[in-house]
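One structure is given here, and the rest of the page talks about it.
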Amino acid sequence: MFAHRAPESAGQPIGPLVLGDYDVHVWCISVDSTEDKASDLQSILSVDECRRAEQFRDYDLGLRFRVFHLILRFLIGSYLKLDPGSVQFHRNR
């Protein structure tokens with residue numbers, strides 16, 4: 001079993017992540033963040049993600065949504081060797 005500690009600051013490269021045939025990676029991530037970190041990286045989010053974040057009645061919940069999606073983009077991008085901004089999400093409506 002290997003543990004990988006996520007970077008302390010948003011936007012810091014996570015590094016190449018490799019998932020073997022029988023591997024499972026479990027991530028436990030705090031989405032508590034300062035507004036500065038999220039706003040610096042907000043351009044990475046899609047228009048839909050920004051719109052959904054704005055729909056939260058509580059500003060802090062919208063901020064947590066943005067931070068979570070930023071972290072998710074960095075993780076998926078690291079696994080797929082893609083820029084976090086090029087990761088596309090599709091959801092059922």
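What follows draws every value from the coordinates through simple rules; no lab data is involved. Given the structure is predicted, the values throughout are model-derived calculations rather than measurements. Cβ: placed from backbone, ideal geometry, glycine included. Neighbour counts: every protein chain shown.
Taking the highest mean first, how do the peptides 17-24, 84-91 order by number of other beta carbon atoms within 10 angstrom per residue? Each step should come with its number before you reach the end.
Values: 17-24: 8.1, 84-91: 11.8.
Ranking the peptides 17-24, 84-91 by packing returns 84-91, 17-24.
Across the range 75-92, coupling constants 3J(HN,Hα) worked out from phi with the 6.51/-1.76/1.60 Karplus curve, θ = phi - 60°, read 5, 4, x, 5, 5, 8, 6, 10, 5, x, x, 8, 5, 10, 10, 10, 10, 6 Hz, and Gly and Pro carry x. With the highest mean first, a sort of the peptides 72-78, 45-51 on other beta-carbon atoms found within 10 angstrom per residue produces 72-78, 45-51.
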